[in-house]
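Asks: One structure is given below, represented as structure tokens, and several questions about it will come after.
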Amino acid sequence: MLSRILIANRGEIALRIIRACHELGIEAVAVYSEADKGAPYLRLADEAVCIGPADCAKSYLNIPGIISAAEITDVEAIHPGYGFLAENINFAQICRDCGITFIGPPVEAMRLLGNKVQARKLAREARVRVVPGSDGIIEQVSESLELANKIGYPVIIKAAAGGGGRGMRVAHNDISLRSAFNSAHAEAEAAFGDGSVYLEKYIVEPRHVEVQVIADGAGNALHFYERDCSIQRRHQKMIEESPCPVLDKRTREGLCDAALRIIKKAHYVNAATVEFLLDEKKEYYFIEVNTRIQVEHPVTEMITGHDLIKWQLKIAGGQTIKFSQRNIRQTGVAIECRINAEDPERNFAPCPGTISKYIPPGGPGVRVDTHVHQGWTVSGSYDSMIAKLIVHQKTRTEAIATMRRALREFVIEPIKTTIPVCLDILSHNLFVKNKIDTGFVERNF
Ligand code: MV4
């Protein structure tokens, strides 16, 4: 088992990881930028190291700085959280070279799954359905035109090195495909230093469903069921729930088993999320694997009763999974709302500033994961997410009711937040009736 780790992150996830460490008797070293001086997560850490100025590039993304902090504080391992360095293959390799355990997958699995074309190939080999499309990278516009005319429009061009919506273009005909191909290629080259693109049939109005998986170093892998993350705006998730309210038992089993086959084939270790699109016929298609713990992991924790961060720490410390899949049950319904410091009236512009009044909700079935408090100043230098509000109830109807009352209780002033938008969505007839897809927010708000 690990005895002392460093957390290369900030905010609510740093706090979340410290708490898991302390429950396992692990010491947690926190790092912070000058903008995070005095943050609550530092108070709970066993030691805190300033790693530079507010600018992420000079602090939370500065690999030599973080490795130095790890060496000075004599930790055995680094937890990267999400964002920042969590999916940085170079960082994971440097940790390995320095004899520090990276609390995440092996570099080889990160490299394999980080390339979406290779991930598609792996999924096919694992007998998992992928979206119809190219077998590999498409080199020429002519090749994409030929394929699009074979499978039919609309199609989508995606960057092999991309993910989360970057470097993607939809095309509805030959003319738009020419420009989609060229601009996706250019954007991918600029963003990832790798212009490789591939083509898929564009699935209209899909749901986004993802499976949480944990694997150990001995080849055991367990799934923790699915999350539905269809409520998003510009590729930023706003509300997530588990279980996916439209899956039947058989489809769910197929989906979760498909995720495990991919993870096993990749020789994956630690926590992963396998993403699928669900079409209107409720057919699921693999799209990509996220090789980190995700923001929305609490909904899975609520319905399974398993602490996923503890699992990550145990597995990184060399423990193996000693119980079976049938001990993991899906109980009730959990929903998470992301509370962002953004002004919905000004097109969701970030809204940094000092919180003078902060009253979190409570009561049965309510969990708040946050790092903010009264008097805290939200910096404009980082992601605008300031809290996650998670509820757990027996049924979806009850979970929606609990979430609505908790959102109404939640006071964060005077900065603007996404609380009112979350309330509007939870009160929307189509959300309540499960008639949503990834285009819901853009169409209705
Ligand atoms: C798609 C798609 C439709 N068809 N692929 C966006 C993020 C990235 N993870 C994959 N994405 C999509 N891939 C095919 N073949 C639609 C999206 C998509 C989307 C997916 C999930 C959640 C929200 C989305 C919003 C717009 C587009």
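The values are calculated or read from the model by the stated rules, or taken from the named source; none is laboratory data. Keep in mind that what you see is a predicted model, and the values were worked out from it rather than measured. Every residue, glycine as well, gets a Cβ built from its backbone with ideal geometry; the counts of neighbours run over all protein chains shown. For the accessible areas, the whole protein counts, side chains as well, though only heavy atoms, and no ligand, DNA or RNA atoms are used. Shrake-Rupley method; radii C 1.70, N 1.55, O 1.52, S 1.80 Å.
Asks: Look at P64 and say whether it is under 30 Å from W376 (Cα atoms), of a type outside the set (A, V, I, L, M) and open to solvent by 30 Å² or more (accessible area, probe 1.4 Å). I'd like the intermediate steps shown before the answer.
Replies: On the way: under 30 Å from W376 (Cα atoms): yes; of a type outside the set (A, V, I, L, M): yes; open to solvent by 30 Å² or more (accessible area, probe 1.4 Å): yes.
Considered against the rule, which asks whether it is under 30 Å from W376 (Cα atoms), of a type outside the set (A, V, I, L, M) and open to solvent by 30 Å² or more (accessible area, probe 1.4 Å), P64 comes out as yes.
Conditions (1) within 12 Å of the ligand (Cβ to nearest atom); (2) assigned to a helix (DSSP H, G or I), marked per residue:
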| residue | (1), (2) |
| --- | --- |
| F181 | no, yes |
| A190 | no, yes |
| Y198 | yes, no |
| I203 | yes, no |
| V209 | yes, no |
| V213 | no, no |
| G219 | no, no |
| H223 | no, no |
| E226 | no, no |
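Asks: Something else: Can you tell me which residues in region 338-352 are on the phi > 0 side of the Ramachandran plot and not hydrophobic (A, V, I, L, M, F, W, C)? Step through it out loud before you land on a result.
Replies: Keep residues of region 338-352 that are on the phi > 0 side of the Ramachandran plot, which gives 347-348.
Residue satisfying the conditions is N347 alone.
Asks: When region 393-445 is examined, which residues are found to be within 16 Å of the ligand (Cβ to nearest atom) and of a type in the set (D, E)?
Replies: Hits for region 393-445 are D437, E442.
Asks: Here's a check for you: in region 280-331, which residue that is of a type in the set (V, I, T) and within 15 Å of the chain's Cα centre (by Cα) is nearest to E200 (Cα to Cα)? Explain how you work it out, then say what you get.
Replies: Residues of region 280-331 that are of a type in the set (V, I, T), as a first pass: 287, 289, 291, 293, 295, 299-300, 303-304, 309, 315, 320-321, 328, 331.
Then drop every residue that is not within 15 Å of the chain's Cα centre (by Cα), which leaves 287, 289, 291, 293, 295, 299-300, 309.
On the way: I287: 10, V289: 16, T291: 22, I293: 27, V295: 27, V299: 30, T300: 30, I309: 34 Å.
So, considering only residues that are of a type in the set (V, I, T) and within 15 Å of the chain's Cα centre (by Cα), the one nearest to E200 (Cα to Cα) is I287.
Asks: A follow-up question, please. Can you run down the residue pairs with Cβ atoms below 8 Å, 6 or more apart or on separate chains, where the first is in region 433-445 and without any contact (Cβ under 8 Å) to a residue 60 or more places away in the chain and the partner is more than 12 Å from the ligand (Cβ to nearest atom) and open to solvent by 20 Å² or more (accessible area, probe 1.4 Å)?
Replies: N444/H428; N444/L430
Asks: What tally of residues in region 316-339 results from selecting those that are of a type in the set (S, T, Y) and closer than 29 Å to P245 by Cα?
Replies: First, pick out the residues of region 316-339 that are of a type in the set (S, T, Y): 320, 324, 331.
From the residues that got through so far, the ones that are closer than 29 Å to P245 by Cα too are 324, 331.
Number satisfying all stated conditions: 2.
Asks: I would also like to ask the following. Considering only residues of region 137-172 that are of a type in the set (G, A, S) and away from the ligand (no atom under 12 Å from the Cβ), which is nearest to K121 (Cα to Cα)?
Replies: Our first condition is that a residue be of a type in the set (G, A, S); within region 137-172, this holds for 142, 144, 148, 152, 159-165, 167, 171.
Now drop any that are not away from the ligand (no atom under 12 Å from the Cβ), which leaves 142, 144, 148, 152, 160-161.
On the way: S142: 22, S144: 18, A148: 19, G152: 21, A160: 12, A161: 14 Å.
Of everything passing the filter in region 137-172, A160 is nearest to K121 (Cα to Cα).
Asks: Okay, next question. Any idea how many residues of region 382-408 are of a type outside the set (K, R) and over 19 Å from P344 (Cα atoms)?
Replies: Narrowing region 382-408 to residues of a type outside the set (K, R): 382-387, 389-393, 395, 397-403, 406-407.
Subsequent filtering for residues that are over 19 Å from P344 (Cα atoms) retains 390-393, 395, 397-403, 406.
Count: 13.
Asks: While we're looking at this one, here's another question. Could you tell me how many of the residues in region 269-283 are of a type outside the set (D, E) and closer than 19 Å to G164 by Cβ?
Replies: The first filter runs over region 269-283 and keeps only residues of a type outside the set (D, E), leaving 269-274, 276-278, 281-282.
Those still in the list that are closer than 19 Å to G164 by Cβ too: 271-274, 276-278.
Residues flagged as of a type outside the set (D, E) and closer than 19 Å to G164 by Cβ within region 269-283 amount to 7.
Asks: Considering only region 70-126, how many residues are crowded, with 22+ Cβ neighbours inside 10 Å, at positive phi and either without any contact (Cβ under 8 Å) to a residue 12 or more places away in the chain or among the β-branched types (V, I, T) (or both)?
Replies: Result for region 70-126: 0.
Asks: Got a number for residues in region 365-389 being exposed (fewer than 15 other Cβ atoms within 10 Å of the Cβ) and touching a residue at least 24 places away in the same chain (Cβ under 8 Å)?
Replies: 3
Asks: Please enumerate the residues belonging to region 195-215 that are within 22 Å of the chain's Cα centre (by Cα) and among the charged types (D, E, K, R).
Replies: Selection gives E205, R207, E210.
Asks: E143 - would you say it is over 30 Å from A8 (Cα atoms), open to solvent by 70 Å² or more (accessible area, probe 1.4 Å) and either among the acidic types (D, E) or touching a strand residue (DSSP E or B) at 6+ places or on another chain (Cβ under 7 Å) (or both)? Working first, answer last.
Replies: Values: over 30 Å from A8 (Cα atoms): yes; open to solvent by 70 Å² or more (accessible area, probe 1.4 Å): yes; either among the acidic types (D, E) or touching a strand residue (DSSP E or B) at 6+ places or on another chain (Cβ under 7 Å) (or both): yes.
In short, yes.
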